[in-house]
Amino acid sequence: MAGEKEKVVAAAGGCCLRPFSCEQGLLSRPDGSAAFLQGDTSVLAGLYGPAEVKGSKELPDRAVLEVLLRPKVGLPGVIERSREQLLRQTCEAVVLGVLHPRTAITLVLQVLSDAGSLLSCCINAACMGLLDAGLPLSSLFCGVTCALDPNGAIILDPTTRQEQEARAILTFAIDSPERKVLMTTTKGSCSVEEGPCFPP
């Protein structure tokens, strides 16, 4: 199944997304939840809050937002901590935390399967989880991952194999009304000339 999907992407020159889907309200305990699937990559999001927060973490003017990323197997490591920071920055850009001062909002992301473009799948799952929880947002947002192959061709929503073969991987979080880039991260290197190929 995964091999067939990779062939479809390759046949299209890499300029297409894998099939994706989302289901909300899967969990009963969180205030909001969503599962997001991109090809064979899937992430489950659970959103808790706004809720009471301990005095040491309390902010008088807005809610405290915490993001926890759980790998499929084992304990979170350096990569997960780095991605948690990127995800938190993205969510903080759209969550209207000033409407819930002195509270805490916790977003837990559980990786179910990783077949490439995991960070963008986490971004999409986070947005759907926030939406399901009914939190006030300034806009919706989405995540997309692009890879540059050794020949400089752009591959959208790359698989794990395509990421391993790529010389650069770029992930963007983009808001809905103005298509403004909320977050971007790069692994590898690309030239300045290749920059215009990506969102401004």
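The values are calculated or read from the model by the stated rules, or taken from the named source; none is laboratory data. Note that the structure is predicted; figures quoted are calculated from it, not measured. So basically every Cβ, Gly included, is an ideal-geometry build from the backbone, and we count neighbours across all protein chains shown.
What tally of residues in the stretch 106-135 results from selecting those that are in contact with a Gly (Cβ under 9 Å, 6 or more places away or on another chain) and either more than 14 Å from Ala34 (Cβ to Cβ) or of a type outside the set (A, V, I, L, M, F, W, C) (or both)? Counting residues in the stretch 106-135 that are in contact with a Gly (Cβ under 9 Å, 6 or more places away or on another chain) and either more than 14 Å from Ala34 (Cβ to Cβ) or of a type outside the set (A, V, I, L, M, F, W, C) (or both) gives 11. Exactly one residue out of Leu119, Leu137 is at pLDDT 95 or above and crowded, with 21+ Cβ neighbours inside 10 Å, and it is Leu119. Taking the numbered list (1) crowded, with 17+ Cβ neighbours inside 10 Å; (2) under 16 Å from the mean Cα position of the chain (by Cα); (3) in contact (Cβ under 8 Å) with a residue 40 or more places away in the chain in turn, Thr145 passes all entries but (3).
Mind checking which residues of the stretch 121-159 are assigned to a helix (DSSP H, G or I), out of contact with any Lys or Arg (no Cβ under 9 Å at 6 or more places or on another chain) and within 16 Å of Ala93 (Cβ to Cβ)? Quick ask: steps written out before the conclusion?
Residues of the stretch 121-159 assigned to a helix (DSSP H, G or I): 121-133.
Still in the list and also out of contact with any Lys or Arg (no Cβ under 9 Å at 6 or more places or on another chain): 121, 123-133.
Listed by number, the residues that qualify are Ile123, Asn124, Ala126, Cys127, Gly129, Leu130, Leu131.
The one condition from (1) out of contact with any Lys or Arg (no Cβ under 9 Å at 6 or more places or on another chain); (2) part of a helix (DSSP H, G or I); (3) closer than 22 Å to Pro30 by Cβ that Gln164 does not meet is (3). Can you tell me which residue within the stretch 1-53, out of those that are of a type in the set (Asp, Glu) and under 20 Å from Leu119 (Cβ atoms), is modelled with the lowest pLDDT? Filtering first and then ranking leaves Glu6. Taken residue by residue, the stretch 160-183 has no member that is more than 17 Å from Arg83 (Cα to Cα), over 19 Å from the mean Cα position of the chain (by Cα) and at pLDDT below 90.
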